[in-house]
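Take a look at the structure below.
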Amino acid sequence: MTFDKSSKTIVLVSGGMDSCVTAAIAAGESAETAFLHINYGQRTEERERQAFNDIADHYRVKERLEISIEHLAKIGGSSLTDEQIAVSEADLVSKEIPTSYVPFRNANMLAIAVSWAEVISADAIYIGAVAEDSSGYPDCRPEFYEAFQKVIDTGTKPDTRIEVRTPIIALTKADIVKKGIELDAPLHLTWSCYRSNELACGTCDSCALRLRGFELAGEQDPIAYSLPA
């Protein structure tokens, strides 16, 4: 698929590895990118914000928007936002929805991105959703994004054309690592840990998936962990 290099696009950048590689892809497919970062009261909000700005600096992104949707923390229901729910140790074979799932988070984020896209005349929104995560996170499935595309088409102005793009949705974590290295994405600037703002814990779901991805790709993860990687 080819894209119009004259286009302006929005990239949802959490600061994690998946969104960083997605940003690298968007940078190669767009004339101009705007970066959107959303805080939702997560435990590692401060560290993720730093990673977002570091990645944006790397790509010399001038147009950045940070939004707070802390109502998700007030609603609760996730170990990422509720101190009463412990971040569980990784179980990479489980098909159950993990405690780290934030109810309908991606729909909230996409809705904000669409609003911004209408205002700044962006014609696409990139999000680093990965279907490998979909057994745990229902809003990472391809059918979710297909359905949301219909919502955008129906709920925006008649002359608005905004496409949701999920360029890594079919990739494994190992493939994402390889793609990031191929595109020279700044993986050393990213933050994936659900638990810590200092050293990555290495044992939460996100850390474990990331570490397995690097191991299967035959590469060394450039960030430091509190436990031996």
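Among the residues of segment 5-32, those identified as touching a residue at least 40 places away in the same chain (Cβ under 8 Å) and not in a helix (DSSP H, G or I) are S7, K8, T9, I10, V11, L12, V13, S14, G15, G16, S30.
Just one of the listed residues (P167, P138) is modelled with pLDDT under 95 and of a type outside the set (S, T, N, Q), namely P138. Please verify whether V177 is crowded, with 17+ Cβ neighbours inside 10 Å, touching a Leu at 6+ places or on another chain (Cβ under 8 Å) and within 18 Å of F104 (Cα to Cα), treating the condition exactly as stated. Taking the combined requirement at face value, the residue does not satisfy it. Residues in segment 5-24 that are at pLDDT below 95 and either surrounded by 24 or more Cβ atoms within 10 Å (Cβ to Cβ) or among the basic types (K, R) (or both): 1 in all. Is it the case that segment 81-99 has a residue that's surrounded by fewer than 18 Cβ atoms within 10 Å (Cβ to Cβ), assigned to a strand (DSSP E or B) and either of a type in the set (A, V, I, L, M, F, W, C) or in contact with a helix residue (DSSP H, G or I) (Cβ under 9 Å, 6 or more places away or on another chain) (or both)? Within segment 81-99 (the criterion being surrounded by fewer than 18 Cβ atoms within 10 Å (Cβ to Cβ), assigned to a strand (DSSP E or B) and either of a type in the set (A, V, I, L, M, F, W, C) or in contact with a helix residue (DSSP H, G or I) (Cβ under 9 Å, 6 or more places away or on another chain) (or both)), the answer is no, since none of the residues qualifies.
Of all the numbered requirements in (1) under 29 Å from E46 (Cβ atoms); (2) exposed (fewer than 15 other Cβ atoms within 10 Å of the Cβ); (3) of a type in the set (K, R), R165 misses one, and that requirement is (2). Taken over segment 119-135, the criterion of being over 19 Å from H37 (Cβ atoms) and at pLDDT 95 or above is satisfied by S121, D123. If you go through segment 54-80 and keep only what is closer than 24 Å to G202 by Cβ and either surrounded by fewer than 21 Cβ atoms within 10 Å (Cβ to Cβ) or among the acidic types (D, E) (or both), you end up with just D54. Restricted to segment 56-95, and to residues there that are hydrophobic (A, V, I, L, M, F, W, C) and in contact with a Gly (Cβ under 7 Å, 6 or more places away or on another chain), the residue that is nearest to A27 (Cα to Cα) is L72.
Any idea how many residues of segment 64-92 are of a type in the set (S, T, Y) and over 17 Å from P103 (Cβ atoms)? Selection size over segment 64-92: 1. Per the listing A200, A185, A208, the residue uniquely in contact (Cβ under 8 Å) with a residue 60 or more places away in the chain, of a type in the set (A, V, I, L, M, F, W, C) and either farther than 24 Å from Y126 by Cβ or exposed (fewer than 15 other Cβ atoms within 10 Å of the Cβ) (or both) is A208. Within the bounds of segment 25-33, is there any residue that is at pLDDT below 95, surrounded by fewer than 22 Cβ atoms within 10 Å (Cβ to Cβ) and among the β-branched types (V, I, T)? Scanning segment 25-33, I find no residue that is at pLDDT below 95, surrounded by fewer than 22 Cβ atoms within 10 Å (Cβ to Cβ) and among the β-branched types (V, I, T), so the answer is no. For segment 102-147, the set of residues classified as buried (at least 19 other Cβ atoms within 10 Å of the Cβ), touching an Asp or Glu at 6+ places or on another chain (Cβ under 9 Å), over 18 Å from V21 (Cβ atoms) and of a type outside the set (A, V, I, L, M) consists of R105, G136, listed by residue number.
One line per residue, one yes/no per condition, for (1) within 30 Å of R60 (Cβ to Cβ); (2) in contact with a Lys or Arg (Cβ under 8 Å, 6 or more places away or on another chain); (3) of a type in the set (A, V, I, L, M, F, W, C); (4) not in a strand (DSSP E or B):
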{"site": "E146", "(1), (2), (3), (4)": "no, no, no, yes"}
{"site": "Q149", "(1), (2), (3), (4)": "yes, no, no, yes"}
{"site": "T160", "(1), (2), (3), (4)": "yes, no, no, yes"}
{"site": "I169", "(1), (2), (3), (4)": "yes, no, yes, yes"}
{"site": "K178", "(1), (2), (3), (4)": "yes, no, no, yes"}
{"site": "E215", "(1), (2), (3), (4)": "no, no, no, yes"}
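The values are calculated or read from the model by the stated rules, or taken from the named source; none is laboratory data. Because the structure is predicted, anything quoted here is derived from the model rather than measured. Backbone-built Cβ (ideal geometry, glycine too); neighbour counts: all protein chains shown.
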